[in-house]
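Some notes on the structure that comes next.
What follows is calculated from the coordinates using simple rules that are stated; it is not laboratory data. These numbers were taken from a predicted model, which means no experiment stands behind them. All Cβ positions, glycine included, derive from the backbone under ideal geometry; neighbour counts span all protein chains shown.
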Amino acid sequence: MDERDFFDENETRKPASLNCAYCKQTDTYEIRWLVRTKKKALRSGADERDRAKFAKAQSYMLRRDDFMQCKNPRCRKKFEISGVQSVVFC
Ligand SMILES: [Zn+2]
């Protein structure tokens, strides 16, 4: 059984306050996240090992964006997102 059988997947956007690495301007950016929400129950066909893994599984979010384009019209550079974790447990 694949890890995907344990979770429902959804995409969401969450605002975060980020600093551009070039012009240092702070602004709010919408970051895309993949949300994996643990299912209420396993589908039939799960064996002992799947059940044990499922019991330990936890809902989490994966950050989809690694770069943002600066909102400062005089900058507009792509900067790497830092200070925001790439995996967050819900
Ligand atoms: Zn900038």
* To do: Within region 11-63, count every residue that is acidic (Asp, Glu) and free of Cβ contacts under 8 Å to residues at least 40 places away in the same chain.
  => 2
* Quick one: count up the residues across region 67-76 that are surrounded by 15 or more Cβ atoms within 10 Å (Cβ to Cβ) and more than 9 Å from the ligand (Cβ to nearest atom). => 1
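Determine which member of the set ARG74, ARG51 is more than 17 Å from the chain's Cα centre (by Cα) and part of a loop (DSSP other than H, G, I, E, B).
Working: ARG51 fails: part of a loop (DSSP other than H, G, I, E, B).
Just one listed residue meets the conditions, ARG74.
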* Structure fact -> Residue count, region 77-87, condition surrounded by 15 or more Cβ atoms within 10 Å (Cβ to Cβ) and assigned to a strand (DSSP E or B), comes to 1
* Looking at region 1-38, which of its residues are within 16 Å of the ligand (Cβ to nearest atom), assigned to a strand (DSSP E or B) and not charged (D, E, K, R)? -> ALA16, SER17, LEU18, ASN19, THR26, THR28, TYR29
* **Inter-residue pairs, beta-carbon under 6 Å, first of a type in the set (Lys, Arg) and in region 69-90, second in a loop (DSSP other than H, G, I, E, B), 6+ apart** => ARG76/CYS70; LYS77/TYR22; LYS77/CYS70
